[in-house]
1. Calculated FRET efficiency, LYS179 and GLN216, Cβ-Cβ r, R0 30 Å, to nearest 0.05?
2. Using just the C-alpha positions of the range 112-224 as equal point scatterers, what log10 of I(q)/I(0) does the Debye formula give at each q in 0.10, 0.12, 0.18, 0.23 1/Å?
3. With every protein chain kept in place and ligands, DNA and RNA left out, what is the accessible area per residue of the range 105-174? Probe 1.4 Å, answer in Å².
4. Which of the lysines could a cross-linker span from LYS109 if the Cα-Cα distance has to be under 21 Å and same-chain partners fewer than 8 positions apart are dropped?
5. Would you please give the FRET efficiency between GLU232 and LYS167, computed as 1/(1 + (r/R0)^6) with r the Cβ-Cβ distance and R0 = 35 Å, to the nearest 0.05?
6. With the full set of protein chains in place, find how many percent of the accessible area of the range 97-191 is carbon and sulfur; take the probe as 1.4 Å.
7. Using the Karplus curve 6.51 cos²θ - 1.76 cosθ + 1.60 with θ = phi - 60°, what ³J(HN,Hα) values do you get for each residue of the range 27-32, in whole Hz, with x for Gly and Pro?
8. R0 = 25 Å: FRET efficiency of GLN188 with LEU99, Cβ-based, nearest 0.05?
Amino acid sequence: MDNIFNLIWFFIILSIFLPMGQKRLLEARRILLIKSIEKKRKSRVITLIHRQETLSFLGIPISRYIGIEDAEQILSAIHLTPNNMPVDIIMHTPGGLVLASEQIAFALKRHKGKVTVFIPHYAMSGGTFIALAADNIVMSQNAVLGAIDPQLGDPQTGAFPAVSILKALKTANPNRDDKTLIYGDIAQKAQNQIYEATQNLLLKHFSKNKAVKIAQILTSGRRTHDYPIFVEELKVIGLPVSDKIPEEIYSLMKLYPKEKYASRGVEFIPAPYRPEPEKPKKNE
């Protein structure tokens, strides 16, 4: 009987510590691969990966999205990076808070080194906004970006596109209450703010006219918020997109499996990097 109880306790302890060990091993493998990519590209690599598809607690789905903590981590990574060092962002995200997305995007815009965004699968909404700050957007052939028109709502009614709220207000309705009118006012401000922010972001790489055109396409709400924009359409729009994504990016994504536990969305090597000294030129 004692042997049976000992065996039960052994399996209980194993079931507790084995997942923790597997998680540590997975994190170590990710760090090693990130270091390898950094060495090859001579860059700072930052991941922004939200595996929300199957993440749950007691069977209740938990949403992962771009939040303030992500912004804090990424701003810290950029701060620890020399101005002339390239930054590579690897993104897999459904989007998130406008505030956090704008903080990340404009920090990348201000960075003097080359910024490349890698998107192996998708970067919707706020993820698309961040991608616009890059000098190069590198995607897989089947990866997508999305619209960046603002969404408004609350936990009871859900989220609605700001442009749809404004369109509804144009229809005469004598029974319309003050709350709807307030939503309309907020929707108009949100629409103006995201359009102006997008245009400002695009001015780093485009002329005024081109920035206005792209901003109107992405923020006007002419399609649904989850409409997938593939590489071909992004090229037509005029964005600097390539579909030659390195194999190392796919290998790294495999180290972010659909887990039952919550892993950190942002990872980078937490150390300041120094630019390599220039080699003296040989006299001819």
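The values are calculated or read from the model by the stated rules, or taken from the named source; none is laboratory data. In this text, all values refer to a predicted model and were calculated from it rather than measured experimentally. So basically every Cβ, Gly included, is an ideal-geometry build from the backbone, and we count neighbours across all protein chains shown. Ligands, DNA and RNA are excluded from the accessible area calculation, which covers all protein heavy atoms including side chains. Shrake-Rupley method; radii C 1.70, N 1.55, O 1.52, S 1.80 Å.
1. After rounding, the FRET efficiency stands at 0.55.
2. -0.37, -0.51, -0.94, -1.27
3. Per residue, the range 105-174 has 43 Å² of solvent-accessible surface.
4. Within the straight-line cut-off, LYS109 pairs with LYS42, LYS204, LYS208, LYS210, LYS213, LYS235.
5. Here the calculated transfer efficiency is 0.75.
6. Working: 2610 of 4600 Å².
The C+S portion of the solvent-accessible surface of the range 97-191 is 57 percent.
7. Rounded to whole hertz, the list is 4, 5, 5, 5, 4, 4.
8. Numbers: r = 19 Å, r/R0 = 0.75.
So, using R0 = 25 Å, E works out to roughly 0.85.
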